[in-house]
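As C-alpha cells, the structure follows; a few thoughts come after it.
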Amino acid sequence: CVVDDANHALYVGEEDAGIWRFDARPDRADKGTLIAKTGEEGTLTADVEGLAIYEGEGAGNGYLIASSQGDNTYAVYDRSAPHEFRGRFQVRSKDEIVGDTDGLDVASTPLGDDFPSGILLVQDGMIRDRNGDRRYQRFTVVSWVKVEKALGL
C-alpha cells in the first residue's frame, strides 16, 4: 500500500484483484474503489505487489506506479482520478529481465546528472543459479527519465 497525503488517498494492492483507492481521512467511511483490475479486462497481471507515488508539481499531478508481478512489468497510472492508465514497461539489468518484484519506491527529486527527474527503485527477485533456484535478491535503480521516454509522459 501507499498513501498520497496531499490527495487524502490510500492505495492498496490486492494481489489477485487490482488496486483499490480509499479515502484516507480518519473522519470518512469509505468502502474503496477498484481503480485498476487484474486479468483480461484489466491493466495488471496478478500478483499486484509494490505501489509508489511519483509526485509531480501540485497535489493532483504525478503518477501511481504498481508492480505487475505476473508479467514482470510496472504499470503507471495518473495520480489523480480517474487514474488513467499511462502504460507499462519492463526493466532490464545486465541484459536480464528484472521481475518477481515485491516492492518498489520512487523519488521525484532531481538527483544529479544521471537522475535529473528522480529515480525508480525496484526489488528484483528473479536472480537464479544454474539449477534454477533463487540465489539472492537485488535492487535496480532506474532513471525516471527512462520511464518518461518509454511511456511518452
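How high is the relative contact order of the chain, given as a whole-number percent (alpha carbon pairs under 8 Å, six or more residues apart)?
Working: 365 pairs, mean separation 21.4, N = 153.
Across the chain, relative contact order equals 14 percent.
Taking the Cα atoms of the range 1-81, the ratio Rg/Rh between the radius of gyration and the Kirkwood radius comes to 0.97.
Mind putting a number on the dipole of the range 1-70 about its Cα centre? Charges go on the C-beta only, +1 for Lys and Arg and -1 for Asp and Glu, and I need it in Debye to the nearest 20.
Details: 5 positive and 14 negative charges, 41 e Å.
Computed about the Cα centre, the dipole is about 200 debye.
The magnitude of the dipole of the chain, with charges of +1 and -1 set on the Cβ of Lys/Arg and Asp/Glu and taken from the Cα centre, is near 260 debye. For the pair residue 96 and residue 37, the difference between a 0.36 nm per residue extended length and the Cα-Cα distance amounts to 18.5 nm. When the Cα positions of 60, 147, 42 are compared along the charge dipole of the chain, 147 comes out farthest toward the positive end, with charges on each C-beta of Lys, Arg, Asp and Glu. Among 100, 4, the order of accessible area from largest down is 100, 4, computed with a 1.4 Å probe on protein heavy atoms. Figure note: 149, 31 ranked by solvent-accessible area, largest first, 1.4 Å probe, ligands and nucleic acids not counted: 31, 149.
Within the P(r) computed for the chain, what percentage of the Cα pairs occupies the region above 27 Å? Display every interim value, and only then the final one.
On the way: 2536 of 11628 pairs.
Of the Cα pairs, 22 percent sit more than 27 Å apart.
Grab the beta carbon distance between residue 131 and residue 107, set R0 = 30 Å, and tell me the FRET efficiency rounded to 0.05. For R0 = 30 Å, the calculated efficiency reads 0.25. GNM remark for the chain: springs join alpha carbons under 10 Å apart, and the peak mean-square fluctuation among 72, 131, 61 falls on 131. What is the calculated FRET efficiency for residue 84 to residue 24, with r their C-beta to C-beta distance and R₀ = 22 Å, to the nearest 0.05? Step by step, r from the Cβ atoms, then E = 0.60. When you work out D = kT/(6 pi eta Rh) for the range 46-123 at 37 °C and 0.692 mPa s, using the Kirkwood radius from C-alpha pairs as Rh and the Stokes-Einstein form, the result is 252 µm²/s.
For the chain, what does -39500 (n - 2.57) per DSSP helix run (n ≥ 4), summed and divided by total residues, give at 222 nm, in deg cm²/dmol to the nearest 500? Before the final figure, lay out the partial values.
On the way: 1 runs with 8 residues, N = 153.
After summing the helix terms and dividing by residue count, I get -1500 deg cm²/dmol.
Mind telling me which of 30, 95, 105 comes out most flexible in a GNM of the chain, alpha-carbon contacts under 10 Å? Checking each option, the largest mean-square fluctuation is seen for 95.
Of 84, 57, 148, which has the most accessible area with a 1.4 Å probe, and how do the rest follow in descending order? Walk me through the numbers on the way to the answer.
Values: 84 105, 57 165, 148 55 Å².
My answer, sorted largest first, is 57, 84, 148.
The values are calculated or read from the model by the stated rules, or taken from the named source; none is laboratory data. Please read these numbers as outputs of a predicted model, since none were measured by experiment. Cβ: placed from backbone, ideal geometry, glycine included. Neighbour counts: every protein chain shown. SASA here: full protein model, heavy atoms, side chains in, ligands and nucleic acids out. Shrake-Rupley method; radii C 1.70, N 1.55, O 1.52, S 1.80 Å.
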